[in-house]
Amino acid sequence: MFHQRLRRACLALSLFGLASSPAILVYAQRPAAGRIAISSPRSVLGFTPGDDRTIADWKQITDYFAGLDKASDRVSVQTIGQSTLERPIIAALISSRENILALNRYKGIQQKLADPRNVAGAAERDRLIRDGKVVVAVSCSIHSTEIIASQMAMQLAFELASAQDGETREILQNTILILIPSSNPDGIDIVVNWYRKTVGTAFEGKEPPELYHHYAGHDNNRDWFMLNLKETQAITRMFWKEWFPQIVYDIHQQGPDGSRFFIPPFFDPANPNISPLLLRQVGLLGHKIAADLQAAGTKGVITNSTYDTWWHGGFRTAPYFHNSVGILSEAASAKLMTPTTVTREQLARSASRGMRNALEATTNFPDPWPGGEWRPRDIMNMELIATRAVLGMAAKFRAEYLRNFYELARQSTTAPAMPDEPIAYLIPAGQGRDESVAKLVGVLVEQGIEVHRLDRELHAAYGPQVLQRINAATDKLGSYQRIIAHGSGFHEVPTNSYIVFLGQPQRRNVLALLEPQIYPNRTNSQGEAERPYDVAGWTLSMQLGVDAPAVTAIQEAANDRRLSIVRNANEVRKDLALPLKAADTSPIVNPLGQSQGSMSIGIYKSWTSNMDEGWTRYIFDSFNVPYNSVHDAALRQEDLSAKYEAIILPSQRAREIIEGNLPGTYPEEFTGGISAAGVAKLKGFVEAGGTLICFDAACELPLKQFNLPLRNALQGLQSSDFYCPGSVLSLDVDNTQALARGLARKVDAYFINSSAFEATDSSVRVIARYAKENLLRSGWLLGEGKLNGQIALAEVSLGKGRIVLFAFRPQHRGQTWGTLPFIWNALRPRLN
């Protein structure tokens, strides 16, 4: 009787749109033989996920999933890797009992569907589609201050493991869910520990005063083609080497003052390498989620706003280039797990692309939220509805998703090349940048791209633009010179070069990573630039400083070529006679070598969570260059000359460095910056013979505080006059200078709303300038004339020491290996 009454009550709630999820129809059942009863999160944690001011740490989350694995035959929990700080990264595979028992079989089906070259004709294709399951990956709380989804994951898993309603059974029968409670376990504990420490204080609900990923902070969701981070590597291996999910859903939170929930379709522009079919599927899923939320009475749901599909490197954008659907949701945030209040005035002031303000109803935003109290539970309920909508669509249209996935891969392998269009990209041997070549080939292979090594020379033809670039590279050394020739025709390519053919399932990924990006010129009626969601250009070979020209024809017939497929990153290192990777240690040899000696290097680390500082540490750790982090108090109080020979200021505005977090915004030990005392200490350090190295925005501090003979030529310009977000630009380099030792006369550098200098006297040593012509290499640049010929890298003497000023970020997101030699040269002792 109780169960019948419960079922009727839940059904009534569902009919009136009051149930947070169809899985509310859960009721107790007799456990199967050999199993234990399935415990709810509340019975284990002592609270229901989403309750105000409650939060589960990573051990509690993983313990709950371990218990679910033991109790339910619908759940199989796997440890897929270790985080940067050595916490387990887990994935819960959730499906019907029969599917769980046959996971290896379904993984095999996925691998065949992902590469139609391994499918023996239409009959096998049809059998695979008939027997296969849609694999849906759901990722929670990669940004760990967006904490709710990590808590929601436990409730979702419990409901799917225990519910008996028809919709849940259909989902379990037709899909395999890969549920990742968080791809940032370290960050979960950073946020949990901070929140528990501050609950009940004036700082309750504030974000931690440190990066919530050891290296990347928020940028851990900017690493999905570079694969720098252990977390990215582990999940990429699972997704694009093993399981090949048809749908990837990445759950996020946004600021508190705008829409309550963003879901696709996305805003323009779309990347031209994304299949139109995928964009339609993304829109279809997004509208289904929006409709389900509306039916449940949720206000403030928006589509076609803010977020676009141009950029490659995010959790939900990378799948597009693997022939998969990528879905993003962004829920309005509370104060971590503490409720917040949002006023109508705040909503009226909130605007973004596709939303004039958060109170105005439009076609893509038909039912604005009026304001009021906003709780963690509100966020969690939306995320549960959205996830169930994705799973429900995948289950109902199982065969269509599998067939579309297969067809996109098949089309990529068979797409004909038009005249003068690329058929492959070449990475020639003998470039003299072996670590960068190993990185490039390694990251391509590790994300599932097929790369071949040349075991015998071949002859390749290049398009006119490629030849022009190659012929300009007259200072390249080694066997690479063998392909440099004027005119058209075929050119010999040496043995041990690498080639990436476009005729493979990863065709769109190859193009998205290796061709230059040409961002559309998007300005408003006043000529002001419309800001992209992230960056405009990222061509991987350019960032790494590796030549990878497009090949338009190969002289040798396919059966006359001698090629070997590259199977892993270590194989590339072996090819190049580089030290091999062992365990979790970086195999890269310290580029400073014996020249570093006992030199002590300090990297400034503020309490304002600076991602550029984290990436600087990542690069130094990866290249095995020892350093010490220098906090505000040390810069204010210590004898810097006694401890350091060089200090690096990562990109950060001068005001943030000097003032830090304002008093009263955080506990006292996390406020104050370096202060005027720290500025004086830094100046004295240089005058006494030290080297101060400043990246991008940090140059503002010595320019203004030390009265250096330079000014920022771009300061004060409007975006209608000059704008360059996240793009690859060309530098003209004076490689006779010590700071440019070993570099070419043309070097690609990364500019992300960066700087350019003008010298006010002749004492400035100019190392590199932004190119006077052909400046833009990949991305978007408005007002090129404001940048042409301006100083990009300079050195200035001060007392017995020197200051090295990078107008750009030479280590941006750990990706720009092509400009790292400038850093190593700056750290080498000066030659008399």
Self-check item: Charge context of residue 814, other residues only, Cβ under 11 angstrom, K/R +1, D/E -1
Solution: +1
Quiz item: Measuring from centroid to centroid over Cα atoms, what is the spacing of the stretch 229-244 and the stretch 396-438 in Å?
Solution: 18
Quiz prompt | Euclidean distance of C-alpha centroids, the stretch 535-553 and the stretch 68-102, integer Å | solution = 38
Quiz item: In square angstrom, rounded to the nearest 10, how much accessible surface does residue 564 have for a 1.4 Å probe?
Solution: 30
Exercise. Starting from the Cα-Cα distance between residue 669 and residue 43, subtract it from 0.36 nm times their residue separation and give me the gain in nm to one decimal.
Key: 221.5 nm
Exercise. Would you rank 401, 627 by solvent-accessible area, highest first, keeping every protein chain in place and using a 1.4 Å probe?
Key: 627, 401
Practice problem: Quantify, in whole percent, the carbon and sulfur part of the accessible surface of the stretch 555-654 (1.4 Å probe; protein heavy atoms only). | Solution: 49
Practice problem: Of the DSSP beta bridges with both residues in the chain, give the percent that are antiparallel, rounding to the nearest 5. | Solution: 60
Quiz item: For the pair residue 574 and residue 522, how long in nm is the line joining their label points, each one 7 Å along Cα→Cβ?
Solution: 4.5
Quiz item: Counting only heavy atoms of protein chains, what accessible area per residue, in Å², does the chain have with a probe of 1.4 Å?
Solution: 38
Exercise. Please list the non-local residues whose amide H lies under 5 Å from the amide H of residue 767, H modeled 1.01 Å from N, same-chain partners needing a gap of 5 or more.
Key: 793, 794, 795
Practice problem: Putting +1 on Lys and Arg Cβ atoms and -1 on Asp and Glu Cβ atoms, find which of 310, 794, 177 reaches farthest to the positive end of the dipole of the chain. | Solution: 177
Quiz item: What's the carbon and sulfur percent of the stretch 73-163's accessible surface, probe 1.4 angstrom, rounded to a whole number?
Solution: 45
Practice problem: Using R₀ = 22 Å, calculate the FRET efficiency as 1/(1 + (r/R₀)^6) where r is the Cβ-Cβ separation of residue 687 and residue 621; round to 0.05. | Solution: 0.10
Quiz item: For residue 427, which sequence-distant residues (separation of 5 or more, or a different chain) have an amide H within less than 5 Å of its own amide H, given hydrogens modelled in the peptide plane?
Solution: 498, 499, 500
Practice problem: Subtracting the Cα-Cα distance from 0.36 nm times the residue separation, let me have the gained length for residue 85 to residue 677 in nm, one decimal. | Solution: 209.7 nm
Self-check item: Rounded to the nearest 10 Å², the accessible area of residue 607 at probe 1.4 Å
Solution: 70
Practice problem: Take the cross-link list 70/107; 574/643; 605/681; 241/605; 133/335; 746/786 and give me the ones stretching past 27 Å between alpha-carbons. | Solution: 574/643; 241/605; 133/335
Self-check item: FRET E, pair residue 594, residue 637, Förster distance 25 Å, beta-carbon r, rounded to 0.05
Solution: 0.15
Quiz item: How much length is gained on full extension from residue 344 to residue 653, taking 0.36 nm per residue of separation minus their Cα-Cα distance?
Solution: 108.0 nm
Exercise. Tell me the label-point distance for the pair residue 268, residue 54, using the 7 Å Cα-to-Cβ offset, in nm and rounded to one decimal.
Key: 4.7
Self-check item: Carbon and sulfur %, accessible surface of the stretch 268-362 computed with the full protein complex present, 1.4 Å
Solution: 52
Self-check item: Simple spin-label estimate for residue 734 and residue 356 in nanometres, 7 Å along Cα-Cβ
Solution: 5.4
Quiz item: Tell me, what ³J(HN,Hα) does each residue in the stretch 491-500 have, in order and in whole Hz, if you take phi through Karplus 6.51 cos²θ - 1.76 cosθ + 1.60 with θ = phi - 60° and put x for Gly and Pro?
Solution: 10, 5, 10, x, 3, 6, 6, 10, 9, 10
Quiz item: Considering only 205, 141, 123, whose Cα is most displaced toward the positive end of the charge dipole of the stretch 99-212, charges sitting on Cβ of Lys, Arg (+1) and Asp, Glu (-1)?
Solution: 123
Quiz item: If Lys and Arg each add +1 and Asp and Glu each add -1, what is the summed charge of the other residues whose beta carbon sits under 11 Å from the beta carbon of residue 175?
Solution: +2
Self-check item: Computed [θ] at 222 nm, helices only, for the chain once each DSSP H run of length n ≥ 4 contributes -39500 (n - 2.57)
Solution: -9500 deg cm²/dmol
Quiz item: Rounded, prolate or oblate: which one fits the chain, using the alpha carbon gyration tensor with axes a ≥ b ≥ c (rounded when a/c is under 1.5, else prolate when a/b beats b/c, else oblate)?
Solution: oblate
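The values are calculated or read from the model by the stated rules, or taken from the named source; none is laboratory data. Only a predicted model underlies this, so the values are computations on that prediction, with no experimental measurement involved. Every residue, glycine as well, gets a Cβ built from its backbone with ideal geometry; the counts of neighbours run over all protein chains shown. To get the accessible areas, we keep the full protein, side chains included, count just its heavy atoms, and leave off ligands, DNA and RNA. Shrake-Rupley method; radii C 1.70, N 1.55, O 1.52, S 1.80 Å.
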